[in-house]
1. Any idea which of B:A97, B:A135 is more than 9 Å from chain A (Cβ to nearest Cβ), out of contact with any helix residue (DSSP H, G or I) (no Cβ under 8 Å at 6 or more places or on another chain) and modelled with pLDDT of 95 or more?
2. So, restricting to helices (runs of 4 or more DSSP H) that lie completely within region B:34-118, which ones have at least 3 residues that are closer than 25 Å to A:V23 by Cα?
3. Restricting attention to region B:119-156, which residues are in a loop (DSSP other than H, G, I, E, B) and touching a Phe, Trp or Tyr at 6+ places or on another chain (Cβ under 7 Å)?
4. Within region A:41-54, identify whether any single residue is part of a helix (DSSP H, G or I), in contact (Cβ under 8 Å) with a residue 40 or more places away in the chain and closer than 30 Å to B:T47 by Cβ, and answer yes or no.
5. Any residue at all in region A:143-156 that is within 14 Å of another protein chain (Cβ to nearest Cβ), touching a residue at least 40 places away in the same chain (Cβ under 8 Å) and assigned to a strand (DSSP E or B)?
6. Which one of these is more than 20 Å from A:T120 (Cα to Cα) and acidic (D, E): A:E199, A:E257?
7. In the list A:T231, A:T248, which residue meets the criterion of being modelled with pLDDT of 85 or more, under 28 Å from A:P209 (Cβ atoms) and away from chain B (no Cβ under 12 Å)?
8. Check A:G44 against each of (1) within 14 Å of chain B (Cβ to nearest Cβ); (2) within 12 Å of A:Q169 (Cβ to Cβ); (3) not polar (S, T, N, Q) and name the one condition it does not meet.
Amino acid sequence: AAALSAVESKYKVDEKPTPVKDVTTYNNFYEFGLDKGDPVALSGDFKPLPWTIKVDGMVNKPGTFDLDALMKEFPIESRTYRMRCVEAWSMVIPWDGFPLASLLSKVEPLGSAKYVAFETVVRPEEMPGQKGIFQSLEWPYVEGLRLDEANHPLTLLAVGLYGETLPNQNGAPIRLVVPWKYGFKGIKSIVRITLTDKEPKNTWQITNPQEYGFYANVNPAVDHPRWSQATERRIGESGFFGASRRPTLPFNGYADEVASLYAGMDLKANF
Amino acid sequence: MTALSFSLPKRWHSASVWLLYVVGLLPAAWTFYLGASDQLGADPVKTFELFLGLWALRFLILTLAISPARDLLGWNYLRYRRALGLLCFYYVVMHFAVYMVLDQALDVSAVIDDVMKRPFIMFGMAGLVLLVPLAVTSNNLSIRKLGSKWNWLHKLIYIIAACGAVHFALSTKLLDLEQYIYVGLIILMILYRSYRPIARSRKRGRNGQGGRTRPAEAAG
């Protein structure tokens, strides 16, 4: 990973960041395998550079953008976010990136665009989890946001963490970070972004619609069918003994910033 | 193939059973050491919890494999069945203890909530509870006292196995290859057990042996 020059940002949670070793060795990235240790062990062949992202759909100025150019065009900010996985563990991660809104304003979404769909790269030769008879998920991995969620200032396209470009296992070279949603919304190694007027499906919703919805907002009051979401284990904090669980916060602690996006919505039905 | 059963001189049989207990508990002890010395990765409690559950399933499958191994391959390892079954029980107890103490930090209300609301935890708890009477009666005295009731009681292991398989299958976001293998093996064992009486009565019919049970049957 190469060093990044990033400017400080006001978005910094006042909690101890998770050690970089844990952030880079404990990953869900099924393109490289199902175990948390697979992404770091099996992503060595993945070549994140050069990289382009295609932005299309309901926009005035569709295009294919070179990542290097985007990183020069938009100031890279250093932001520390909480990250809450749907599996009830959490981290605090110093990301480097730029707001998704910057890229979206560049392509000028049409008035009819209501949603943003995302797609991960498909490279079976470089991603062992996409190869073989036994495929865990349908590829490409896809995700989606409502346009107002996508344009929210907290929604980040991360290109680095801890001041360096993203390691392969964390979604190199560019990934989504939506800190008030469960981690699986943070689609990795993005190659395509499409503006649309229909609610896009996401991979986990396709795989198991009873358990994973479109919104996936962190919500301690709505349990996963197979486990409680009321508390979480903070990775790297407590080790083996006295692993204290901490309460999970509504919208992962970002309620002041984002709760208004969902005013009047039944969050139990829209999970 | 029966040669395998006799490769160990009889005077070492009892020692080999004790050795099995020691060797069987080593994975738990070693992994506990790794966790306590911070060498178990980013999420050591979950890793240890899963590890103990997997070993419980392994010992469960080995326990269930003793009969088919004897019937089909002529390998007589009946003398290890009690140890294997008890090792399965010990691993289930440790698995539960880690969930209760290290994972849920003794938050009894959270655990009760889990058990009541979540089928996946319910199946696991059912397996644990059903294992208790089997573990308690895994001794020669109980076998003598209970007689034929003992055999009946210990058939619960097949229900326990089903609980374990369901618990494991429901525990993750996806069924992966590892789960297909474990669950598949357990289903095979259960199917074999259901088929066995039929096979035996056919055999009895052919040999005209009547309803004799093998004396070894009661020794497990």
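1. The conditions single out B:A97.
2. Where helices (runs of 4 or more DSSP H) fall fully within region B:34-118 and carry at least 3 residues being closer than 25 Å to A:V23 by Cα, they are B:44-68.
3. B:T137
4. Yes, region A:41-54 contains a residue that is part of a helix (DSSP H, G or I), in contact (Cβ under 8 Å) with a residue 40 or more places away in the chain and closer than 30 Å to B:T47 by Cβ.
5. no
6. A:E257
7. When all the criteria are applied, what remains is A:T248.
8. (1)
The values are calculated or read from the model by the stated rules, or taken from the named source; none is laboratory data. Everything numeric in this text was worked out from a predicted model, so none of it was measured. So basically every Cβ, Gly included, is an ideal-geometry build from the backbone, and we count neighbours across all protein chains shown.
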